[in-house]
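Report on one structure; see the data block that follows.
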Amino acid sequence: MKAKKYYWGAMFLAAGLLMILYYTGVIEGISIFSAVFSVLLIPIIISSAIKRNFAGIMFPLAIIVILFDDVLGLEKFTPWPALFTALFLSIGFTILFPKKGSWYNSKTKNSAHFGGVGGFDSTNEDESVININTRCNGITRYIRSKNLKEVNINVSCAGAKIYFDNADMAGNEAVVNINSTAAGITLYVPCHWHIKKELHTVFREYTESGKPESDVTTKTLVLAGSCGASGINVVRI
């Protein structure tokens with residue numbers, strides 16, 4: 001967390017320095033907006049590289065190419081060819097080099113693991129940590145745990161529907177860690193659960209639909225993780 005604070009701070013300082021140099025005439029011949037925006041994309045690229053989030057690397061690089069296409073002589077390559085190239089590279093690298101987090105090798109006693117095969121699978125009531133992985137396969141999963149603490153969802157080039165309507169948390173908060181690239185994920189959650197979003201996202205769409213959130217709730221579902229070129233839809237039921 002401290003490292004993230006430092007490099008974001010450094011990038012804003014660099015952006016401020018660019019503004020000073022540009023408007024004092026020290027640097028010329030570039031768009032100050034493009035330069036500042038590109039500098040602010042660097043922390044996203046760095047953090048994405050650390051997390052092996054390829055979409056978080058490729059799309060910011062594509063944006064930088066688009067911003068400086070005239071300088072680089074790549075006008076014919078922008079904007080859509082550059083964006084589609086970033087998408088294809090993100091998907092390819094994600095398939096070839098899947099992210100390996102600690103939850104891939106979880107040895108928690110009360111845990112469930114779902115592979116990337118389509119169908120309708122459900123959990124047991126005592127499982128606290130649930131891992132759902134799929135690549136190039138649509139899946140549907142029913143979470144029935146009454147001791148829920150954590151759900152880890154890893155989806156690439158696929159769609160996933162996760163039902164929480166028969167689940168309950170071990171305490172007042174549970175975390176859903178989402179790692180997705182070119183995916184569509186729908187979470188069906190009880191209407192009395194509060195949703196807290198902590199997602200690191202690049203070119204993603206987030207929507208909420210269904211019943212309105214209940215006024216009185218003590219349960220919080222935290223959505224965390226990294227999403228690239230993905231759609232996340234929360235449906236309250």
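None of the figures in this text is laboratory data; all of them are computed from the coordinates on show. In this text the structure is predicted, and so the values were computed from the model without any measurement. Here the Cβ positions follow ideal geometry from the backbone for every residue, glycine too, while neighbour counts run over all protein chains shown.
Shape descriptor for segment 2-96: Rg over Rh equals 1.03 (Cα atoms; Rh from the Kirkwood inverse mean 1/r). What net charge do the residues around F33 carry, taking every other residue with its C-beta under 15 Å from that of F33, with Lys and Arg at +1 and Asp and Glu at -1? Summing Lys/Arg as +1 and Asp/Glu as -1 gives -3.
For T207 and L96, the FRET efficiency from 1/(1 + (r/R0)^6), where r spans their Cβ atoms and R0 equals 35 Å, is about 0.70.
I'd like the FRET efficiency for I237 and F84, computed as 1/(1 + (r/R0)^6) with the beta carbon distance as r and R0 of 45 Å, rounded to 0.05. My answer for the efficiency is 0.80. Computed extension length for T140-I50: 29.4 nm, one decimal, from 0.36 nm per residue of separation with the Cα-Cα distance subtracted.
Of K161/K211; K51/K197; K161/K197; K51/K211; K51/K196, which pairs sit farther than 29 Å apart, going by alpha carbon to alpha carbon? Too far apart for the 29 Å limit: K51/K211.
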